[in-house]
1. Between a residue in segment 91-108 that is closer than 23 Å to Ala71 by Cα and any residue that is near the ligand (Cβ under 8 Å from one of its atoms), which pairs come within a Cβ distance under 6 Å, given they are 6 or more apart or on different chains?
2. Go through segment 116-147 and give me each residue that's surrounded by fewer than 24 Cβ atoms within 10 Å (Cβ to Cβ) and either on the phi < 0 side of the Ramachandran plot or basic (Lys, Arg) (or both).
3. Please enumerate the residues belonging to segment 149-187 that are surrounded by fewer than 24 Cβ atoms within 10 Å (Cβ to Cβ) and either in contact with a Gly (Cβ under 7 Å, 6 or more places away or on another chain) or under 22 Å from Ala300 (Cβ atoms) (or both).
4. If a residue has to be surrounded by fewer than 16 Cβ atoms within 10 Å (Cβ to Cβ) and of a type outside the set (Val, Ile, Thr) to count, how many in segment 29-42 make the cut?
5. Anything in segment 22-46 that is outside any loop (DSSP other than H, G, I, E, B) and either closer than 15 Å to Val239 by Cα or in contact with a Pro (Cβ under 9 Å, 6 or more places away or on another chain) (or both)? List them, or say none.
6. Restricting the search to segment 109-147, which residues are assigned to a helix (DSSP H, G or I) and near the ligand (Cβ under 10 Å from one of its atoms)?
7. Report the residue count in segment 197-255 for those that are within 15 Å of the ligand (Cβ to nearest atom), assigned to a loop (DSSP other than H, G, I, E, B) and more than 16 Å from Phe157 (Cβ to Cβ).
8. Tell me the residue from Ala220, Ala253, Ala191, Ala206 that is of a type in the set (Gly, Ala, Ser) and buried (at least 20 other Cβ atoms within 10 Å of the Cβ), please.
Amino acid sequence: MGARKKVTVIGAGNVGATTAQRLAERDFYDVVMVDIIEGLPQGKALDLRESGPVEGYDSLVIGTNSYEETANSDVVVITSGIARKPGMSRDDLINTNAGIVRQVTESVAKYSPNCIIIVVSNPLDAMTQLAWKASGFPKNRVMGMAGVLDSARFKHFIAEALDVSVEDVNAFVLGGHGDTMVPLPRYSTVAGIPITELLPEEKVKAICERTANGGAEVVALLKTGSAYYAPASSAAAMVDSILLDKKRIMPTATLLEGEYGISGLFVGVPCKLGINGIEQIIEITLTAEEDAALKKSAAAVNELVEVIRLKVTDIGL
Ligand code: APR
């Protein structure tokens, strides 16, 4: 591999391969894709390399079934695991994906002891907590991708409702990546104007509900799997903020240790992402109602974490 920053994507399925594509097309990373299925990552990697002359990128894309080629990655995105089907919640995936994420993380940590891990496998918050434990990494180097996706969905629905560019929309989502997530309308804006001033209350409420069920809406349409274009975009945006040291503030699943009154649990909150991973957790004052909703979401995450016996300390709920 050359001198470019190296990003490994574990899982060459829908989310993993699309993430690899998005990263390769940026033309400033080298990308390694790992999967257990023989030929799948190799075939997709070759196909992506052959796309380079047309798209105009020189990114090296390698597919493999082993971890040697992942050595010394700067960032590793974990997407391996099963995706949900209609009628399933993200939580239904827990037992299968916990085994996969644990094993994969141990291999990742062995070959890239200094990398930053971004978990995408669901149920997101519990899988991120598991990866943190299994890696033995400090908490700034293990995070979960969910809030960027949830807020992207929120932004899309706002832009659609107001017939404005998505570029002028900012949206804020807190909490776990599940039905209990907490979209925050008063911090969601169009060109700086809170959406609570631009849309009737019922419309805001409907958009928040649609956001919380955004993943299920796609699953119901696809029937054979879950969303991957927007999840891949979201993971790639986090990779950029880290490896380009942009220090963007992105909703990220991180280990809380007292922030927002929660301890010992990975939950989505705004974080500054730079070359050191999570460089700062941004804490804002919540209304009583928002605080209650966040605690409810954290309790839902905690239940899952207990299923895989990972509770670190009492979360004080
Ligand atoms: N190591 C490497 N790859 C693995 C392993 C493993 N131990 N176990 C499974 N995989 C691979 C599968 O072979 C498959 O190619 O993970 C890939 C998953 O791809 P898809 O089934 O297409 O699922 P995808 O839609 O990409 O979702 C992956 O991301 O968004 C979440 O909920 C989603 O947990 C799911 C994950």
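1. Here the result reads Ile100/Ser80; Ile100/Gly81; Val101/Ser121; Val101/Met127; Val104/Ile10; Val104/Ser80, each pair linking segment 91-108 to a residue that is near the ligand (Cβ under 8 Å from one of its atoms).
2. Those that are surrounded by fewer than 24 Cβ atoms within 10 Å (Cβ to Cβ) and either on the phi < 0 side of the Ramachandran plot or basic (Lys, Arg) (or both): Lys133, Ala134, Ser135, Phe137, Pro138, Lys139, Asn140, Arg141.
3. If the condition is that a residue be surrounded by fewer than 24 Cβ atoms within 10 Å (Cβ to Cβ) and either in contact with a Gly (Cβ under 7 Å, 6 or more places away or on another chain) or under 22 Å from Ala300 (Cβ atoms) (or both), then Ala152, Phe172, Gly178, Asp179, Thr180, Leu184, Pro185, Tyr187 are the ones that fit.
4. 2
5. Arg22, Leu23, Ala24, Glu25, Arg26, Tyr29, Asp30, Val31, Val32, Met33, Val34
6. Leu124, Met127
7. 5
8. Of Ala220, Ala253, Ala191, Ala206, the one residue that is of a type in the set (Gly, Ala, Ser) and buried (at least 20 other Cβ atoms within 10 Å of the Cβ) is Ala253.
The values are calculated or read from the model by the stated rules, or taken from the named source; none is laboratory data. What you see is a predicted model, and the numbers here were worked out from it, not measured in a lab. Don't worry about glycine lacking a Cβ; one is built from the backbone with ideal geometry, like all the others, and counts go over all protein chains shown.
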